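In what follows, a single structure is set out as C-alpha cells and then discussed.
What follows is calculated from the coordinates using simple rules that are stated; it is not laboratory data. Keep in mind that what you see is a predicted model, and the values were worked out from it rather than measured. Note that each Cβ is placed from the backbone with ideal geometry, even for glycine, and that neighbours are counted across all protein chains shown.
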Amino acid sequence: MQREQLINATTLLALLAVPLWAWYVDEPFTITLATKVAIFALAGVGLNLALGLGGLVSFGHAAFFGIGGYAMGILASHAQTYTPLASWPFLLEGTKSMPVIWLVAMVMSGLAALAVGALSLRTTGVYFIMITLAFGQMFFYFAISWPAYGGEDGLSIYVRNGFPGLNTLDPIQFFMLCYVLLAVVLFFFARLAKSPFGMALNAARQNDERVQTVGITPYRLRLVAFVISGAVTGLAGALFADLNRFVSPTMLSWQTSGEIMVFIILGGVGRLYGPVIGAGLFIMLEHFLGGLSEFWHVYLGVLLLLVVLFARGGLIGLLAGKEVAHD
Amino acid sequence: MSLILIIEQTLNGIQFGVMLFLMAAGLTLIFGVMGVINLAHGSLYMIGAFAAAAVAGATGSFLLALAASLVVAAIAGALIELTVMRRLYDRDHLDQVLATFALILIFSEGTRWAFGSFPLFLDIPDALSGPITLPFGVQYPLYRLAIIGIGLVVALGLFALISRTRIGMQIRAGESDREMIGALGVNISVLYTLVFALGAALAGFAGALIGAIQSVQVGMGEPVLILAFVVVVIGGIGSIKGALVGALLVGLTDTLGRFLLPSFFGLFMEPSSAMSVGSSLSSMSIYILMAAVLLFKPTGLYGSA
Amino acid sequence: MTDAVLEIRNISKSFGALKASNNVSLTLRAGEIHALIGPNGAGKSTLIKQIAGNLRPDEGTVWFEGKNVTALNTVARARLGLGRTFQISSLAMDYTVLQNAVLGALGKRGKVFRFFSPVMKDKKLLAAANAALAQVGLEEFAHYRTSDLSHGQRRQLEVAVALTLAPKVFLMDEPMAGLGGEGSQRLMGFLDTLRQQAPILLVEHDMDAVFALADRISVLVYGSIIATGTADEIRNNPEVRAAYLGEEDAE
Ligand SMILES: Nc1ncnc2c1ncn2[C@@H]1O[C@H](COP(=O)(O)OP(=O)(O)OP(=O)(O)O)[C@@H](O)[C@H]1O
Ligand SMILES: [Mg+2]
C-alpha cells in the first residue's frame, strides 16, 4: 500500500516536472505531449470510476468524450461567428469562456450517460459491453450525418478559449489548467472511493446479491457512477478539443473508446492512478514507437495482449505488487 | 415513391440483413458455447475479404476466391483460439475485450503493412453481373440476389448442423451445460477450436461476398461487427434463430430508414432540412430499435433469462 | 394467526416438471424459532428465496406484518425488515470482514448517496458493525480479507451482516453448516436469545440443534409440508418418521 502511494505521488510529480522542465528549456512540443497525457488521464480516470470501482465495462465512453468535445466546438463556433445557438424560447449565445464550456460539457455528457446508462444497466456482462459499444457508435454516426456542425469534417475554432486571468494560448498555462483539473478530480475520486457511495458501489461489483440483501439497489449506484464517469470523461473531451482547437467525429469513434480503456489496463484496473500512468505510457509509446514505425499500433497491440495475458495488474501491479484488503 | 423502389430497397435490406446474419451467427455461437466476447470477429471478416481479393487477383476465379476466404478465415480463427482465446475462457469479460481489442490492432495494422492503405477491389463474376428482372418489372442486381440466396442456404445449413448432427448436439450441450459435454466424452478443446473456426469462416465468407460490392480495406470489419452486436442484443445471446430474426430486422430498419425517413420529413419540412433531419435520424434508427427491445426484453427476443 | 409476523400462503413454484414448492403455507410468530427441515432437494432454499424476494412464486402470496409483499423485490423486502443469510455464503469477497459488516450497517442506515466522508471512519456504523461481529464471535477476524475466511467463518459473517440490519424477521439458511461442534454450540446459544429480538425461520440439517432450539418445526418433503408442530409432535409423527426421520433414528 505504502508503495502504491509512493508510485502515485511520483507519477503526479513527474507529470508536473516534465513540462516545467520543457518550459524552462523551451520545448513547447513536450508541454503539449504532457497536456495530452493529463487530458487522456482525466478521461481514463472518469471511465475507471465505472470500470474499476463499479465493474462496468463500458465500451462507449468515446461518446461522452466526444460530446464534451462538441460542447466546446459548438459553443465556441457560435461565439466566434456571433450567431446565437437559439433565439427561442430565450436567447442562447455561444461562449469562449472555459469554465462555462466545462460546465456545459459535463452536463451534456452526464445527461447522455444518464440515457445510455439507464438502458444499458438493465443488462450485465457481455450484453452491457455490446450495448455501450453500440450506443457509442450511434453518437458517432449521428455526428457524421448531422450537417450543421461540420459533419464528417468536424469543426475548427480559431483561437483557444479563455480562462479568467490566464493566457491559455501559452502551452504551460494551458497545461497547468488541465493538470489542476486532473488533480482535483483525483482528489475527489479518492474521497469518493472511500465514501458510503464508493463502498457500496465497489461491493455491488463484487457481489450484487449481497448489496441487495442489505437493502441497497445496485442499479441506482451504478447509474449514478456511470453519470459521474461520463461527465468527467466529457470534461476531458472539452479540454482535448480545446487543445487541438478542433473537434471531429473521430473523438466519438469506437477506437477512442478502446484507447481510453487501454490507458486503464496499461496502468492497472481499479487503481485510482492507473489511467494516469497508462496515459503517460501510451503517449510515450505513441511518440517513440510512432517515430520508429508507421505501424506502431502493431507493437501497441502486442504489448496490450501481453499485459492482459501475463501482467493483469498493469504497470502499477508490476511495481507495487498485488492489492491487499484493508479497511 | 414508387412500388418498384420500395421492393428494391426491401431487397437491399434483406441482403444487408443476410450479411449481418453471417457475422452475428458466428458471434452468438462463440458466445453461447465458450462464453467469450470476441471483438476480433470483425478482423476475421476483413481477413476473408483480403484473402478473396488476393486470390481473385492471382487466379481470376471468384469461386476460388470465396473458397480462400472460408479457408483463410477459418485457419486464422483456429490460430486465434489456440494461441489467445483459450487463455481467456475463465477470465472476466474485461480481459476478453482488451485482448481481442489488441488483436484488432495487430490484424488491422498488420494488414495495412502487408497490403498498403489503398483499398483493393474484388470484381463480381461475369455470370452474376448485371441486373435481373423480377416480377412487377423490378430490375435488381443479380449478384445481390445471389447473396440473399447464399445467405439463406448458409442459414439453413447452420440450423441443420445444430439440430441434426453430432457436432451440433455437442454444441447445444455445451451451451446448456459446460460440464455435461465433458461427461459426454467430448473433447472440449477440439470442439472449442472447431466452433471458433466455424464462426471465423462465416465471418470471412461474409467479408468476401461484401468485398465484391464495396471496397476491400483495413477497418472494414469493425462497423459491421458493431452492427452484428446490435443484432445479437436484439436476437438474444446464443440463439441462432434470434440472430437471423435480429439481422433481418436490423437490415430492413437501416435500409428502409435511410430511404423512407428523409421523404417522410419532406412531407412537412423544407427539402434541405428534411434531408438532414431524416438522415441523422435514420443513422440512429437501429440503435433506437435496440433500445426499444432492451426496454421490453432486456435479454433479447429469443434470449433466455 | 394474529401474532404471525411472516406468513406465506399457498405458495407453488415449479422448475419445469419439478415442483419445488407445492402449495406451501406456513407462519412465523413473534418470539419463535420456526425450523424448516427436510431432505436434500426438498425445496427449503427455494422457499427462502421466495420469501426473500429472489424468486417469484408461480402462485401464492407472502405476507409480512400484515402486508402483501409478493410483488416487492429483494431490496424492498430487506428494507421492510427481512434479514437473510445464504446457504452458500454470498459476501463481498475482496472486502475485509469489518467492511462487510459496515456495508450491512450502511444498508440499515440508508443515506448511501454520500460521496465525501469516509465510511470506514463513521463511528456509528463502525460501532454497529463491531457489535454484530462480537455477537457471532468474529471480532478477532475483523481485519481479515473475507476470501481468507473458512467456510464456517463466512457463515458466521453472514449472520453478523444480518444482525447489522436489525431486521424484524431472520431467514437463515443452514447457518451452522461447516461450523464444527464448538462453533455450532456457540451459535445455538446465540440464536436461542436472538429469537427475543426477532423471530427466526431456520433451515437446518443439524437435527440436534433443531430439536433443541425450535419452538415449532415444519417438515418439507418433495416441495410439500407434510407436518408442522412442536418438537415432540414432529418426533412422534408417524408420517414424518416414515418419510424422513426413519433413517435418522430420532429417539
Ligand atoms: N433455479 C433452478 N432451476 C431449476 N431447478 C432448481 C432451481 N433451483 C432449485 N432447483 C431444484 O429444486 C429442488 C429444490 O432445491 P432447493 O435448493 O430448494 O433444495 P433444498 O431443500 O434447499 O436442498 P438442500 O438441503 O440440499 O439445500 C432441487 O431439486 C433443485 O435441483
Ligand atoms: Mg438448500
Residues C:Ala243 and C:Ala212, FRET efficiency given R0 of 22 Å [Cβ-Cβ distance, rounded to 0.05]: 0.50
Whether the range C:13-69 is rounded, prolate or oblate, judged on the alpha carbon gyration tensor where a/c under 1.5 counts as rounded: oblate
Rg and Dmax of the protein assembly as shown, Cα atoms only, in Å: 30.6, 96
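Please rank C:Lys121, C:Lys108, fewest neighbouring Cβ atoms within 10 Å first, as an exposure proxy.
On the way: C:Lys121 10, C:Lys108 20.
In order of increasing Cβ crowding within 10 Å: C:Lys121, C:Lys108.
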10 Å Cβ neighbours from other chains, averaged over peptide B:297-304: 2
Dipole magnitude of the protein assembly as shown, debye to nearest 20 (Cβ charges: Lys/Arg +1, Asp/Glu -1, about Cα centre): 1000
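What number, in percent, do you get for the relative contact order of the range A:170-327 if the mean sequence gap of Cα pairs under 8 Å and at least 6 apart is divided by its residue count?
Worked out over the range A:170-327, it gives 16 percent.
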Dipole of the range B:55-203 [Lys/Arg +1, Asp/Glu -1 at C-beta], most positive-end residue of B:His93, B:Gly149, B:Thr59: B:Gly149
Alpha-carbon centroid distance for the pair the range A:241-320 / the range A:109-161, whole angstrom: 21
Positive dipole terminus of chain A, leading residue within A:Val211, A:Ser257, A:Ser145 (C-beta point charges): A:Val211
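Between B:Phe268 and C:Lys19, take the C-beta separation as r, use R0 = 51 Å, and let me know the FRET efficiency to the nearest 0.05. All intermediate terms of the calculation are to be shown ahead of the outcome.
On the way: r = 59 Å, r/R0 = 1.16.
According to the calculation, E is roughly 0.30.
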Cut-off 13 Å (backbone N to label point 7 Å along Cα→Cβ of C:Arg186), residues of the range C:129-144: C:133-142
Largest-first principal axis extents of the Cα set of chain C (Å): 59, 40, 36
Farthest toward positive dipole pole in chain A [+1 Lys/Arg, -1 Asp/Glu at C-beta], among A:Gly125, A:Leu13, A:Val184: A:Gly125
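Using a Förster radius of 51 Å, what is the FRET efficiency between C:Tyr222 and C:Ser117 based on their Cβ-Cβ separation? Nearest 0.05, please.
Working: r = 52 Å, r/R0 = 1.02.
Once the sixth-power term is evaluated, E becomes 0.45.
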Separation in nanometres of the label points that stand 7 Å from Cα toward Cβ, at C:Asn10 and A:Arg122: 3.3
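Please report, in debye to the nearest 20, how large the charge dipole of chain B is about its Cα centre when each Lys and Arg carries +1 at its beta carbon and each Asp and Glu carries -1 there.
On the way: 12 positive and 14 negative charges, 90 e Å.
I would put it at about 440 debye.
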Approximate spin-label separation A:Leu318-A:Val100, in nm, with each point projected 7 Å along Cα-to-Cβ: 4.7
Residues of the range A:190-225 with amide N under 20 Å of the 7 Å Cα→Cβ point at C:Ile88: A:204-214
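Can you put B:Thr193, B:Thr10 in order of Cβ neighbours within 10 angstrom, beginning with the fewest? Numbers along the way, then the final one.
Working: B:Thr193 19, B:Thr10 16.
Exposure proxy ranking, most exposed first: B:Thr10, B:Thr193.
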Sorted by Cβ neighbour density within 10 Å, fewest at the top, the residues A:Phe139, B:Phe229, A:Phe90, A:Phe65: A:Phe90, A:Phe139, B:Phe229, A:Phe65
Cα-based shape type of chain A, given that a ≥ b ≥ c are square roots of the gyration tensor eigenvalues and the cut on a/c is 1.5: oblate
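Which value, in debye to the nearest 20, describes the size of the charge dipole of chain C about its Cα centre when Lys and Arg Cβ atoms bear +1, Asp and Glu Cβ atoms bear -1, and nothing else is charged? Show your work: numbers first, answer last.
Working: 27 positive and 27 negative charges, 319 e Å.
Using only the charged Cβ atoms, the result is roughly 1540 debye.
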Distance between the range B:102-116 and the range A:19-92 - C-alpha centres, whole angstrom: 29
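Give, as a single signed number, the net charge of other residues whose beta carbon lies under 15 Å from the beta carbon of B:Ala203, with Lys and Arg counted +1 and Asp and Glu -1. Before the final figure, lay out the partial values.
Details: positive: none; negative: B:Glu81, B:Glu222.
Counting the neighbours of B:Ala203, the net charge comes to -2.
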Rough spin-label spacing in nm, given labels placed 7 Å along Cα→Cβ, for C:Ala131 and A:Glu93: 6.0
C-alpha center-to-center spacing [the range B:66-100, the range B:267-305] in angstrom: 32
